[in-house]
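For reference, the structure discussed in these notes is given below.
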Amino acid sequence: MVYVPVSMSGAQRFEDHWLLDLSGQPILQLVLDFQVTLVLEHFGITIEESFVLEHPDGTSHVVQPGGDFDQLSPVLPLSRSKVIAEGRAFDDGRLQVVLQDGCRLNVVPEPDSAYESWNVTGPDGLLIVSIPGGELAVWGTDL
């Protein structure tokens with residue numbers, strides 16, 4: 001059995017997830033290549049597999065990093081105008097990021113993927129990765 005701390009710089013541990021200290025972090029930059037990266041003030045969120053962007057009005061878009069412009073265009077409004085309300089990294093590999101305007105990004109790892117679905121970097125060496133198979137690997141200076 002591995003000891004898991006209650007909290008560390010940038011994240012707090014709960015029963016089935018890590019609560020990421022993203023509240024109030026503005027999205028400073030959006031990088032689109034073969035992944036979608038949100039650059040925040042003290043964190044970075046990189047998504048490498050498909051995810052769902054849900055809007056408060058109930059509409060949603062499946063976004064495929066590395067896809068064509070039509071697949072990536074729904075995330076363009078996130079750049080420089082949105083602020084994070086909360087972020088959670090679940091033990092089963094899911095990532096949920098909620099924006100202050102009510103939009104949600106939901107990443108669910110593909111069960112047969114050989115690649116990491118997403119990662120979050122933060123202060124003091126924090127690194128949380130959704131590894132193949134849908135589990136989390138967590139590093140930080142407090143571990």
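The values are calculated or read from the model by the stated rules, or taken from the named source; none is laboratory data. Everything quoted here is computed from the prediction, not taken from an experiment. No Cβ is skipped: glycine too gets one built from the backbone with ideal geometry, and neighbour counts run over all protein chains shown. Note: areas computed on protein heavy atoms with side chains; ligands, DNA, RNA excluded. Shrake-Rupley method; radii C 1.70, N 1.55, O 1.52, S 1.80 Å.
Computed from point charges on the beta carbon alone (+1 for Lys and Arg, -1 for Asp and Glu), the dipole magnitude for the chain about its Cα centre is near 380 Debye. Using the 1.4 Å probe convention, the accessible area of the stretch 1-135 works out to 52 Å² per residue with neighbouring protein chains retained.
As a fraction of the 1.4 Å probe accessible area of the chain, surface on carbon and sulfur atoms comes out at 51 percent. What separates the Cα centres of the stretch 4-58 and the stretch 109-143 is a distance of 11 Å. Across the chain, C-alpha contacts under 8 Å between residues 6 or more apart give a mean separation that, scaled by the residue count, equals a relative contact order of 23 percent. Shape class for the stretch 85-143, computed from the alpha carbon gyration tensor (a ≥ b ≥ c): oblate, with a/c not under 1.5 and a/b at or below b/c.
Rounded to the nearest whole Hz, the Karplus-based 3J(HN,Hα) values (6.51 cos²θ - 1.76 cosθ + 1.60, θ = phi - 60°) of the stretch 45-59 follow the sequence 10, 10, 10, 10, 10, 4, 8, 10, 9, 9, 9, x, 7, x, 6, with x at glycine and proline.
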